[in-house]
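First the structure, in the form of structure tokens, and then the observations on it.
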Amino acid sequence: MVAEGQSCPNLCLCGKRKTSTRPNENRYNTAMGKTTRIISIGTVKIGGGLPVVLQSMAAAKTADINAVAETCSRLADAGAGLVRVAADTAADAAALKEIRKKTTANLSADLQENYRLAETVAPFVDKIRYNPGHLHHAEPEIPWQTKVERIVNIARQYDCALRIGVNCGSLENADRNGSGIDSALNSAFQHAGFMDSLGFDRFCVSIKSSDPQAVLYANRRFASMRPDVPLHLGLTEAGLPPAGIRKSRLALEPLLAEGIGDTLRVSLTVPNQRKAEEIEAGQQILQNAAAGIVLTEKDWQPDKLNIISCPSCSRVENDRFVQLAEQVQSATEPLKEVPLTIAVMGCRVNGPGETDHADIGLWCGVNAVNLKRGSVLVGSFRYEEVVEKMLDEIAETVLPAARSKHVP
Ligand code: SF4
């Protein structure tokens, strides 16, 4: 075990640092006397009323070691206390070992569909995020409890914190009614309770949805029932700036003002080179909360065009994803007063589930984009043609149905 204040003697192997080289400069403390426990993640600590730590995520392919390491360093320099990197494959895990050598940023590995990679990535990161809704993909015959116990044992062995990252777009029990927020909450409670039963307390929880009101509701409920557990705040698929920043403000500012939240990420649909905008947006939200400038539920305008889009990450199937989201936004500008939800997603991981709830959904494949109307697949179209197909679909089926619903 490496003592506080000393560097790991095996830096070349595990890369873990115990020096506090980058003090948290985001000076928003959520509440005096806050009861969330303090957990260490590399050189930062969250919880207990300490300053809220900002996070972001690399969107370059994890195997592109130099690009990811450069992104992690750039984000850390911009004020990120922690940077997440996706680990889907053995090649990604091998890349993380090299990335660790090239950056001093605190790193979190996102396991998504492959919990078995925990053991391979743990030596090179400070935190591991698992999604309860994705545990069933690998070794479906093994109970989730066995898988989580394995992740916990690995976290203990390699000095890592954990995040239970629940996402309404990928739920364990696939409750597709409404936003699924109650299923998400139940999942968070269940997994936090299981951590308790294992005697492991170095974890935080996130409960994310693309709906700010669902995020408000879930985090308030969780904080009231589990005031001991640090919360990672954020919306999933908030979308393109500036709308994505506004949606994030609607959920995060009231929560922070209520003393809820220990770390946060503003997820924005921007290219990898612009990811520091997520940190700038997070800093603005912290400053607003500190100054008492808080958007409230009254400021939400649900009956208008709502474009939700993911922030993209290493799993994005085609680099044209962000451009596609921007094209969707500009092509639908004339519809901005129409009550219509369009979801644009970068890959198969969350794409199929997250588009089910939208009036129109687009999720990216390698060479084609899947276009959906609600949960129904309309077809797969080339990147060059899918926006036109989407507009046709809106004109022919979605708008007439919406208008008929609004006839008095
Ligand atoms: S939908 Fe896919 S590409 Fe987009 S952020 Fe989620 S995992 Fe990454």
**OP:** Would you mind calculating the relative contact order of the chain from Cα pairs under 8 angstrom and at least 6 residues apart, reporting the percent as a whole number?
**Re:** 13
Original post:
Helix 144-157 sits at what angle to the longest principal axis of the chain, using alpha carbons and giving 0 to 90 degrees rounded to 10?
Top reply: 40
**OP:** Return, for the Cα atoms of the range 306-406, the radius of gyration and Dmax in Å, separated by a comma.
**Re:** 12.5, 41
Original post:
Mean shadow of the range 39-299, computed from the convex hull of its alpha carbons, in nm²?
Top reply: 12.6
Original post:
Size of the dipole of the range 210-331 about the Cα centre, Lys and Arg at +1 and Asp and Glu at -1 on the beta carbon, nothing else charged, in debye to 20?
Top reply: 60
Original post:
Amide H to amide H under 5 Å from VAL229: which residues, 5+ apart in sequence or cross-chain, H placed 1.01 Å off N in plane?
Top reply: ARG37
Subject >> For the range 377-387, Karplus couplings with θ = phi - 60° (6.51, -1.76, 1.60), whole Hz, Gly/Pro x >> reply: 6, 7, x, 10, 10, 5, 4, 5, 10, 5, 5
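Please state the charge dipole magnitude for the chain, taken about the Cα centre, from unit charges on C-beta atoms (+1 on K and R, -1 on D and E), reported in debye and rounded to the nearest 20.
Value, rounded to 20: 1060 debye.
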**OP:** Give the angle, between 0 and 90 degrees and rounded to the nearest 10, that separates the Cα long axis of helix 212-225 from the longest principal axis of the Cα atoms of the chain.
**Re:** 40
Original post:
By the scheme Lys and Arg +1, Asp and Glu -1, what is the net charge of all other residues having a beta-carbon under 9 Å from that of ASP88?
Top reply: -2
Original post:
Working out 0.36 nm times the residue gap between SER330 and ILE293, then minus their Cα-Cα distance, what length gain in nm do you get to one decimal?
Top reply: 10.3 nm
**OP:** Note down the nm distance, to one decimal, between modelled labels 7 Å out along Cα→Cβ at ALA401 and at LYS101.
**Re:** 5.4
Subject >> Residues with amide H under 5 Å from that of CYS204, placed H, sequence gap 5 or more >> reply: LEU162, ARG163, ILE164
Original post:
By how many degrees, between 0 and 90 and to the nearest 10, does the Cα long axis of helix 321-331 differ from the longest principal axis of the chain?
Top reply: 30
**OP:** Using per-residue counts of other Cβ atoms within 10 Å, averaged over each peptide, order 122-134, 218-230, 78-90, 324-336 from highest down.
**Re:** 122-134, 78-90, 218-230, 324-336
**OP:** Along Cα→Cβ, 7 Å out, is where each label goes; now give me the distance between the ones at GLN145 and LEU391 in nm to one decimal.
**Re:** 5.6
Original post:
What FRET efficiency, computed as 1/(1 + (r/R0)^6) with R0 = 41 Å and r the Cβ-Cβ distance, is obtained for ASN186 and ALA368, rounded to the nearest 0.05?
Top reply: 0.70
Original post:
Amide H of LYS304: which non-local residues (sequence gap of 5 or more, or other chain) have their own amide H closer than 5 Å, using H built in the peptide plane?
Top reply: LEU340
**OP:** Can you grab the distance from the C-alpha centre of the range 261-282 to the C-alpha centre of the range 58-127, Å, no decimals?
**Re:** 16
**OP:** Calculate one ³J(HN,Hα) per residue across the range 280-288 by plugging θ = phi - 60° into the Karplus curve 6.51 cos²θ - 1.76 cosθ + 1.60, and present them in order as whole Hz with x for glycine and proline.
**Re:** 4, 5, x, 5, 5, 5, 5, 5, 4
Subject >> Cβ-based net charge around LEU335, under 12 Å, with every Lys or Arg adding one and every Asp or Glu removing one >> reply: -1
Subject >> In order through the range 187-196: 3J(HN,Hα) via Karplus (6.51 cos²θ - 1.76 cosθ + 1.60), integer Hz, x for Gly, Pro >> reply: 4, 4, 4, 4, 6, 5, x, 5, 4, 4
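FYI, it's all coordinate maths here, none of it is from the lab. The shown structure was predicted, so the numbers you read here are calculated from the model rather than taken from an experiment. In this analysis, Cβ positions are derived from the backbone assuming ideal geometry, glycine residues included, and neighbour counts consider all displayed protein chains.
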